[in-house]
Amino acid sequence: MLVFAASDKGGTGRSVTSANIAFRRALTGDDVCYLDFDFGSPTAAAVFDVPDARGGLHSYLRGQAQEPVRLDVWARTEHPTLRHRPAGSGSLALFPGDHSGGEFAVGKDSVLRCVDLFLRLHSEFDVVVVDLSAGRSYAVDLALEVTARPELRGVGARWLIYHRWTRQHVIAASGFAFGPRGILDGGAARGHDVEQLRGSIRFVRAAVPDPQTPPWSLAPPAQYAWMVSCDQDLRRLAADRGLGHTVTLGSVPLDPVLQWREQLITDEDVLSSQVAGLETLKAFEHLAEKLTDDDVWGTP
């Protein structure tokens, strides 16, 4: 299955959440690969703690390299608790983007190389996560173009659109999916079935403060009442903009670890060092489980 991670804005938690979802799926035994299609600012290697990730997908898609660089995360990571592959885990491969590669216009040759790459990876891996550049980018155009090709007709594809829990981000995410030149418009222009494409889109809320839990629940009464009111207003806005509960895959709490350092959250981070919150770990686990749950996606 292809999973496209997209967002209208930067700073939505798209890359770090997608990396943690990929990591969680690999821990369950799935073979997973992560493609860093954020051509303008590839950061996946840093999230996976893989140093000196040179070369990348940008060069391959532009025909400047015969094959993209492929790294075994378990073997290459410098994350202190992941230097030895966990028992029972599946493979976890990283295809890094080129540093300072920049966006590029989508041409016929790039599309054909991408089609070939997606087909090969789909046959090898259970889950292929494609982290796209933010906004209405060439990377998003490429993903829509390639998945409309007849060669990929039998390959399942799902879209995760990330946004922070603010009024501006909710409005932006809605426009990115459903507005002019958004995902649905771009898909229709390339021959996608619009309703089928709509059914393949789910939203992920990132950095969501929960007024019912500390430290937010310990705020002064006036501030606490204001936060609860804001949260209720955002829920109404999200529902009105087509981002309601039924199309939201899940939420990730506002966690200090992820604000200070975008990284994989391990069990040791929660249970041993206790630097990360249990609710954050559970959120990543739930997102990973729902990723291929056909009941959640309404797929027969």
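Among the candidates Leu2, Leu82, single out the residue that is open to solvent by less than 40 Å² (accessible area, probe 1.4 Å) and under 24 Å from Gly156 (Cβ atoms). Reasoning before the result, please.
Working: Leu82 fails: under 24 Å from Gly156 (Cβ atoms).
Just one listed residue meets the conditions, Leu2.
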**OP:** From the list Ser174, Ser133, Ser217, pick out the single residue that is of a type in the set (S, T, N, Q) and modelled with pLDDT of 95 or more.
**Re:** Ser174
**OP:** Test each condition in (1) in contact (Cβ under 8 Å) with a residue 40 or more places away in the chain; (2) within 26 Å of Phe178 (Cβ to Cβ); (3) open to solvent by less than 70 Å² (accessible area, probe 1.4 Å) for Ser110 and report the one that comes out false.
**Re:** (2)
**OP:** Hey, could you check region 49-83 for residues that are over 21 Å from the mean Cα position of the chain (by Cα) and of a type in the set (S, T, N, Q) and say which is nearest to Val129 (Cα to Cα)?
**Re:** Ser59
**OP:** Kindly provide the set of residues from region 5-15 that are out of contact with any Leu (no Cβ under 6 Å at 6 or more places or on another chain) and not in a loop (DSSP other than H, G, I, E, B), ordered by number.
**Re:** Ser7, Arg14, Ser15
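So how many residues does region 204-235 have that are of a type in the set (Gly, Ala, Ser) and in a helix (DSSP H, G or I)? Can you show your working first?
Filtering region 204-235 for residues of a type in the set (Gly, Ala, Ser) gives 206-207, 217, 219, 222, 225, 229.
Applying the additional criterion that residues be in a helix (DSSP H, G or I) yields 217, 222, 225, 229.
Counting residues in region 204-235 that are of a type in the set (Gly, Ala, Ser) and in a helix (DSSP H, G or I) gives 4.
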Subject >> Test: residue in region 230-251 that is under 25 Å from Trp74 (Cβ atoms), of a type in the set (A, V, I, L, M, F, W, C) and open to solvent by less than 20 Å² (accessible area, probe 1.4 Å) >> reply: no
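In region 26-44, what count of residues is obtained for those that are open to solvent by 10 Å² or more (accessible area, probe 1.4 Å), aliphatic (A, V, I, L, M) and within 15 Å of Ala143 (Cβ to Cβ)? So that I can check it myself, show each step before the final result.
As a first pass, look at region 26-44 and keep what is open to solvent by 10 Å² or more (accessible area, probe 1.4 Å): 27-31, 38, 40-43.
Filter once more, keeping what is aliphatic (A, V, I, L, M): 27.
Filter again for within 15 Å of Ala143 (Cβ to Cβ), leaving none.
Matching residues across region 26-44 total 0.
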Original post:
What do you reckon, is Ala188 loosely packed, with under 14 Cβ neighbours inside 10 Å, of a type in the set (Gly, Ala, Ser) and part of a helix (DSSP H, G or I)?
Top reply: no
Subject >> From the options Pro220, Pro211, residue that is exposed (fewer than 11 other Cβ atoms within 10 Å of the Cβ) and free of Cβ contacts under 8 Å to residues at least 40 places away in the same chain >> reply: Pro220
Original post:
Name the residues in region 132-167 that are open to solvent by 10 Å² or more (accessible area, probe 1.4 Å), in a helix (DSSP H, G or I) and either more than 17 Å from Gly10 (Cβ to Cβ) or free of Cβ contacts under 8 Å to residues at least 60 places away in the same chain (or both), would you?
Top reply: Asp141, Glu145, Thr147, Pro150, Glu151, Arg167
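The values are calculated or read from the model by the stated rules, or taken from the named source; none is laboratory data. Every value quoted in this text rests on a predicted model; they were computed, and no experiment measured them. Cβ: placed from backbone, ideal geometry, glycine included. Neighbour counts: every protein chain shown. Accessible surface areas use protein heavy atoms only, side chains included; no ligands, DNA or RNA. Shrake-Rupley method; radii C 1.70, N 1.55, O 1.52, S 1.80 Å.
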